[in-house]
Amino acid sequence: MGGGQRMPQFTKLFVIGGGPIGLEAAIHAVKQGFDVTIFEKSSTIAGNVHEWAHVELFSSWSLNMSKLGREILAGMGKEMPKDDVFPTGQGLIDQYLTPLSEWLKASGRCEIRLGARVVSIGRGTLLKREDIGGKSKRP
């Protein structure tokens, strides 16, 4: 990791939800050296987006793809959507989210668990006054 950044103490990251935000979080985490597991409730990636796949988004492609996401699409040889076009939910899935999920699986650093129901999330042994990755504030 360059730029004076230190490798995180914890290298595993769980992402809840395999939609647009979850996939963006996962690609950034994988690029930073994390091993990622995505838990998606649906039987397919971006399950919620499938429910409104016919709807045209209120924002164009320029606002629906990150710089890293664009780099990944380009590296996969995918055609880049035009920035000023407003995709449908299905377009978002087909042209962006599915390729990102394919890249994540091929990275060897990401597992996508479909049909997963997360029932609890905890902090383990961390107390409220402790921060993740920082020095322990235990007495």
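Could you tell me what percent of the DSSP beta bridges with both partners in the chain are antiparallel, to the nearest 5?
Of all bridge pairs located within the chain, approximately 10 percent are antiparallel.
Here are some values of log10 I(q)/I(0) by the Debye sum over Cα atoms at q = 0.09, 0.18, 0.19, 0.22 Å⁻¹: [x] -0.23, -0.99, -1.12, -1.55; [y] -0.42, -0.95, -1.03, -1.25; [z] -0.33, -1.06, -1.14, -1.35. Which one was computed from this structure?
Answer label, from the structure shown: [z].
Amide H neighbours of residue 19 under 5 Å, at least 5 residues apart or on other chains, H built in the peptide plane: list them.
Correct list: 46.
How much length would be gained if the chain were fully extended between residue 88 and residue 117, taking 0.36 nm per residue of separation minus their Cα-Cα distance, in nm to one decimal?
Result: 7.7 nm gained on full extension.
Can you compute the charge dipole magnitude of the chain about its Cα centre, using +1 on each Lys and Arg Cβ and -1 on each Asp and Glu Cβ, nothing else charged? Give it in debye, rounded to the nearest 20.
Roughly 1020 debye for the chain.
Hey, rough spin-label estimate for residue 32 and residue 76, points 7 angstrom out along Cα→Cβ, what's it come to in nanometres?
2.2 nm
Go through 57-70, 106-119 and give me the packing order, highest mean Cβ count within 10 Å leading.
Highest-to-lowest ranking by the protection proxy: 57-70, 106-119.
Would you mind checking which residues have amide H under 5 Å from residue 13's amide H? H placed 1.01 Å from N; only 5 or more apart, or other chain.
35, 36, 37
Using the Cβ atoms and a cut-off under 10 Å, what net charge is assigned to the surroundings of residue 48, where Lys and Arg are +1 and Asp and Glu are -1?
-1
Take the Cβ-Cβ distance between residue 66 and residue 9 as r, set R0 to 25 Å, and report the resulting FRET efficiency rounded to the nearest 0.05.
Efficiency, from the Cβ-Cβ distance: 0.45.
Compute the helix-to-body angle for 20-31: its Cα long axis versus the longest principal axis of the chain, expressed 0 to 90° and rounded to tens.
Between helix and principal axis, roughly 60 degrees.
Bear in mind these aren't lab numbers, they're just calculated from the coordinates by the rules spelled out. Everything quoted here is computed from the prediction, not taken from an experiment. Please note: Cβ atoms are built from the backbone with ideal geometry, for glycine as well, and neighbour counts cover all protein chains shown.
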